[in-house]
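Before any comments, here is the structure.
The values are calculated or read from the model by the stated rules, or taken from the named source; none is laboratory data. None of the values given here were measured: they were computed from a predicted structure. Cβ: placed from backbone, ideal geometry, glycine included. Neighbour counts: every protein chain shown.
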């Protein structure tokens with residue numbers, strides 16, 4: 001939970017905590033599910049995280065394509081998705097920002113939209 005406070009972490013990545021078993025092999029142990037940060041903040045500190053895990057949270061694979069990731073975010077109304085390998089180990093996460101960056105043209109940040117000047121955006 002302490003990692004959520006990291007200033008370098010984007011709001012999308014900080015919106016959910018992914019829970020894994022203790023690592024036996026790198027990169028992590030078996031992915032168990034996720035817990036929304038808001039849910040963690042609403043429970044007393046003594047409450048066990050294991051009781052809050054959404055074990056039905058579907059994970060993406062490293063081979064998931066844009067269409068699959070787009071459907072995932074649209075279906076589940078989330079802004080971050082876990083990415084697991086074939087051994088069910090958490091290897092990363094993909095955010096809705098990652099998806100948009102991949103779908104939009106490379107120069108979209110410098111493009112003026114409907115008379116609004118683009119502003120500098122911090123990249124995470």
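Worth pointing out:
- Members of region 28-39 found to be closer than 15 Å to residue 87 by Cα and at pLDDT 90 or above, listed by number: 31, 32, 33
- Residues in region 72-91 that are within 28 Å of residue 21 (Cβ to Cβ), surrounded by fewer than 14 Cβ atoms within 10 Å (Cβ to Cβ) and without any contact (Cβ under 8 Å) to a residue 24 or more places away in the chain: 75, 76, 77.
- Against the numbered list (1) at pLDDT below 85; (2) in a loop (DSSP other than H, G, I, E, B); (3) surrounded by 12 or more Cβ atoms within 10 Å (Cβ to Cβ), residue 120 comes up short only at (3).
- The number of residues in region 44-57 that are modelled with pLDDT under 90, in a loop (DSSP other than H, G, I, E, B) and either touching a helix residue (DSSP H, G or I) at 6+ places or on another chain (Cβ under 9 Å) or surrounded by 17 or more Cβ atoms within 10 Å (Cβ to Cβ) (or both) comes to 2.
- Tally, over region 59-78, of residues that are at pLDDT below 90 and under 24 Å from residue 29 (Cα atoms): 1
- Among residues of region 1-27 being part of a loop (DSSP other than H, G, I, E, B) and within 16 Å of the chain's Cα centre (by Cα), the one that is modelled with the highest pLDDT is 15.
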